[in-house]
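Working notes for the structure below.
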2 protein chains.
Amino acid sequence: MRFSTRGRYGVQVMVDLAQNSTEGPISLKSVAERQKLSEHYLEQLVPELRKAGLVKSIRGAQGGYLLAKKPEEIYIGDVIRVLEGPIAPVECTDQYGDDCCEKTEFCVTREVWVKVRDSINDVVDSISLADLIKDSEKEGEKVNLFDDEV
Amino acid sequence: MRFSTRGRYGVQVMVDLAQNSTEGPISLKSVAERQKLSEHYLEQLVPELRKAGLVKSIRGAQGGYLLAKKPEEIYIGDVIRVLEGPIAPVECTDQYGDDCCEKTEFCVTREVWVKVRDSINDVVDSISLADLIKDSEKEGEKVNLFDDEV
DNA sequence: TTATATCCTACTAAACCAATCGGAATTTGT
DNA sequence: ACAAATTCCGATTGGTTTAGTAGGATATAA
C-alpha cells in the first residue's frame, strides 16, 4: 500500500515552488538539486501539474515554473490525484456510487475500501501547501511535530 | 494508490469463513468457488493468515480453515497488515518515530504521509469481521449502505 | 487405500515503476 | 545573429512487483 514516487515527488516540487517562487519562475533544475531528484524525471511529472492548472510554466532561458494559485488555495489532494490518479484503494471504489464486481450477492467488503478511500481523501484535502510551508518557517528548531507517535 | 489483491482477497476469505465456518472447517476450494478466486492463489495467502494466528487449519480430507477468534475480535487492519505489510503510504512512514530520508533540512512533506497512514489504520482497525457480516445478514434487501456517496 | 485437503517451493508472463535518452521548440541575454 | 537556458515531448529500458500457475509432499477421514 504505497503511493508511487509520482505523488511524493509532486508534493515535494509544489512545496519547493511555494517556498522559492516568490519572485519569478523556478527552473526544474534548481528544484531537482534542492530536493535531490532527477531533473529529467520531474520534466515528466510537472507538465501534468501544468495541464491540471496547478502550476504555470514560462519557457526559455530564465524560465521555469510558478504556482498557479496561492499556497492557501492548493490542496495536497489535488496534487496527488493529478499524478497518481483517483484515490481508490481497490478498483471498485474508483467511481463514486458505482457498484463494483459482478458478484451476485451484495459485496460486503466494499464498505471497507470506501471508508478507506474517503478517509484518505479527507486527510489530503484538508492540508494546503500553505499549511506545510508554515511548518517549515520554524526552520532551525527541528522540533518533532509528530507528538502523536510512539 | 491501490491495495494489492492480497489484502482484498484476504478480507474476502476471512468474511467467507466468518459466514460459513459455524460448524466445521471450510476448504479453500469452496471459498474459492463462492468468491470466484483462484484456489491455488489462496493457498499461498491463507497460510500467512494462519502463521499470524488469525485462522486455524485442519489438514486432510474434510479439513479446511476456521477463524482462530470470534468475528468480533478480528479487525480488518490485522488481516490487511499480514498480507500487505505495514500500512505506509510512503517508505519513510514505515516505522513510527523514525526520521526518514537523509534530507539535511526538516522534511516538510512527511507530515502528510504520517497523517494518511494514521487515518488508514484508524479506519481498518475500527471495522471487525462481525461488523461486516452483520451487514450481509440483511441479505435480500440490497439497500445502499453508502449513503455518504453521490 | 483412495480421495480430499493443507502445505511448500519454484517458476512465469504481464504490468508497472522510475527513470534515462535524445532531441525539438521557445525565450533571454550578448 | 547566436549561444545558453529552459520547457516540452516521445521512445526506450532495466528492474521490481503482481497475480497467478505448476508440481508435488504431507496429513487425514472414510
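The values are calculated or read from the model by the stated rules, or taken from the named source; none is laboratory data. On a predicted model such as this, the values are computed, not experimentally measured, just so you know. All Cβ positions, even for glycine, are placed from backbone atoms using ideal geometry, and neighbour counts span all protein chains on display. The accessibility values were calculated without ligands, DNA or RNA, using every heavy atom of the protein model including side chains. Shrake-Rupley method; radii C 1.70, N 1.55, O 1.52, S 1.80 Å.
Tabulated results
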| item | result |
| --- | --- |
| Single residue of segment A:12-45 satisfying the filter (more than 13 Å from DNA strand C (Cβ to nearest atom) and hydrophobic (A, V, I, L, M, F, W, C)) that is farthest from the chain's Cα centre (by Cα) | A:Ile26 |
| Residue among B:Arg6, B:Arg2 that is touching a residue at least 60 places away in the same chain (Cβ under 8 Å), under 22 Å from A:Glu91 (Cα atoms) and of a type in the set (D, E, K, R) | B:Arg6 |
| Qualifying residue in segment B:93-104 (condition: facing chain A (nearest Cβ under 9 Å), at pLDDT below 95 and touching a helix residue (DSSP H, G or I) at 6+ places or on another chain (Cβ under 7 Å)) | yes |
| The lone exception for A:Pro47 - which of (1) near DNA strand D (Cβ under 9 Å from one of its atoms); (2) over 24 Å from A:Arg2 (Cα atoms); (3) open to solvent by less than 50 Å² (accessible area, probe 1.4 Å); (4) not polar (S, T, N, Q) it fails | (2) |
| Residue that is nearest to DNA strand C (Cβ to nearest atom), among those in segment A:57-88 that are facing chain B (nearest Cβ under 10 Å) and of a type in the set (D, E, K, R) | A:Glu84 |
| Verdict on A:Leu54 being surrounded by 13 or more Cβ atoms within 10 Å (Cβ to Cβ) and more than 13 Å from chain B (Cβ to nearest Cβ) | yes |
| Matching residues in segment B:1-51 - criterion: being more than 13 Å from chain A (Cβ to nearest Cβ) and at positive phi | B:Gly24 |
